[in-house]
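Contents: one structure, followed by commentary.
Nothing in this text is a laboratory measurement; each read-out follows from the coordinates by a stated rule. Remember, it's a predicted structure, so these values are computed and weren't measured experimentally. FYI the Cβ positions are ideal-geometry reconstructions off the backbone, even for glycines, and counts take in every protein chain you see.
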Ligand code: PEP
């Protein structure tokens, strides 16, 4: 039986407002109303206001790529979750590996961001994943456990949560985790949630890391893969929608 999968597109620091609008027009025309329900776009914050109109016609949801853990204040250059919400954003990435790697974001910061987003009724998409070095030294599950344990240490009961398992070595590299690796880790995350955070046990767990239309079907058939967080392939309507169609087809 086919299930509704999530297809989330992380544009990273790509596209300007005009390009974003052209993408949104093309996407809204190309997808059906049913497909639109599965899509969430995470554009750069500077493009969000140019996207709300055309995406709203099809109810395609919008997410922020990052936010600060305080709703407002003296944090020059940061994005406010409250402001994102006022712009029509419903989701926000937390702890993408590029934030951890290039901006030294810690699991403790993730915990505070998850708390703020949940208290604002925004959906945190907590990204977790191990580096190649950590995998090769057999530390994958310990690393993930710590990211989950600390990242969810301030979570708010009764609120929503999405998780994204993104092995760092598979992001933007063209190297996809094998179906066995993905199955093992998604099962591990589900079991961890059931045991430690039962209120979030049914949360969607997305896989991210070089997902393309060609590999989406196989990955989507894995138990506990509830959708994808897509970087590079979300920049073109054909590949972004191609992933959704391949995964449910
Ligand atoms: C990402 O940015 O979260 C990602 C998974 O990127 P890519 O699909 O390009 O590997």
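Things to note:
- Net length gained if the chain between residue 194 and residue 49 were fully extended (0.36 nm per residue, minus Cα distance): 48.4 nm
- Length-normalised contact order for segment 72-216 - Cα pairs under 8 Å, 6+ apart - percent: 22
- Label separation (residue 4 vs residue 149): 3.5 nm, computed from points 7 Å beyond Cα along the C-beta direction.
- Alpha carbon centroid spacing (whole Å) that separates segment 154-194 from segment 99-137: 12
- A Cα-only calculation for segment 101-249 places Rg and Dmax at 15.1, 40 Å.
- Exposure proxy ranking, count of Cβ atoms within 10 Å, fewest first, for 76, 106: 76, 106
- Estimated from helices alone, the mean residue ellipticity of the chain at 222 nm is -12500 deg cm²/dmol (sum of -39500 (n - 2.57) over DSSP H runs with n ≥ 4, per residue).
- Label point 7 Å beyond Cα of residue 173 along Cβ direction - residues of segment 211-249 with amide nitrogen under 14 Å: 211
- The gain in end-to-end length when the residue 82 to residue 101 segment is fully stretched comes to 4.3 nm, 0.36 nm per residue minus the alpha carbon separation.
- Entry note, the chain: relative contact order of 20 percent, from Cα contacts under 8 Å with a spacing of 6+ residues.
- Here the gap between residue 156 and residue 222, fully extended at 0.36 nm per residue and compared with their Cα-Cα distance, gives a gain of 20.9 nm.
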